[in-house]
Amino acid sequence: MNSNRTFTMLKPDSIEQGNMLPILNMIENAGFKIIALKYKKMSKDEAEKFYSIHSDKPFFNDLVSFMTRGPIIAAALEKENAVEEFRELIGSTDPQEAMDGTIRKKFAKSKGENAVHGSDSDENASIEIDFHFDSNEIFS
Ligand code: IDP
Ligand code: MG
């Protein structure tokens, strides 16, 4: 377990709206080091697996079709206390509740299409990094 790492995705809405570079800029300016980066489209299978914890939620099918309708940026990030600090940088799930200066406040349009993913624990950060990256794709 590595408490200085977290995992993020720039979701399809961010890419579609041309916010890829501004969001990556905010992440770097907040002191996160990008140690792995991938531009890819998730398959339905991958998205269902990645979000399997939400499989019984009413929004699950919408979430999977949203996350597979276009490419995402997947990234592993490094910073002290990365998981918590990155959750602070992205803001609340619902952009209407997100604080000023957060990524979701600035770029998200709705609770479903909310610009970015951020791991919620060290354990999940590690699982999610391994889900998207081989060890030789990580430059720490
Ligand atoms: P998080 O991304 O802030 O950790 P989670 O509760 O883990 O939020 O939900 C995962 C993702 O599922 C959210 O980022 C969002 O895209 C979607 N989602 C969560 N709650 C809702 C909802 O009430 N309606 C529609 N989509 C939702
Ligand atoms: Mg979550």
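Bear in mind that the values in this text are calculations on the coordinates, not laboratory data. Note that this is a predicted model, so its numbers are computed, not measured. Positions of Cβ are backbone-derived with ideal geometry, glycine not excepted, and every protein chain shown enters the neighbour counts.
Can you tell me which of S43, S3, S14 is more than 16 Å from the chain's Cα centre (by Cα) and touching a residue at least 60 places away in the same chain (Cβ under 8 Å)? Just one listed residue meets the conditions, S3.
Among residues that are without any contact (Cβ under 8 Å) to a residue 12 or more places away in the chain and away from ligand 1 (no atom under 12 Å from the Cβ), E84 is included.
Scanning the stretch 24-65 for residues being more than 16 Å from ligand 1 (Cβ to nearest atom) and among the acidic types (D, E) gives a total of 2.
Among the residues making up the stretch 127-140, those that are part of a helix (DSSP H, G or I) and crowded, with 18+ Cβ neighbours inside 10 Å are E128, I129, H132. If you go through the stretch 95-126 and keep only what is of a type in the set (D, E, K, R), outside any helix (DSSP H, G or I) and more than 10 Å from ligand 1 (Cβ to nearest atom), you end up with E97, D100, K109. Counting only residues that are in contact with a Gly (Cβ under 6 Å, 6 or more places away or on another chain) and more than 14 Å from ligand 2 (Cβ to nearest atom), the stretch 99-126 holds 3 of them.
Within the stretch 29-64, being assigned to a helix (DSSP H, G or I) and surrounded by 12 or more Cβ atoms within 10 Å (Cβ to Cβ) holds for E46, A47, E48, K49, F50, H54, F60, D62, L63, V64. Can you pull out every residue in the stretch 1-31 that is hydrophobic (A, V, I, L, M, F, W, C) and touching a Phe, Trp or Tyr at 6+ places or on another chain (Cβ under 7 Å)? Across the stretch 1-31, the qualifying residue is only I23.
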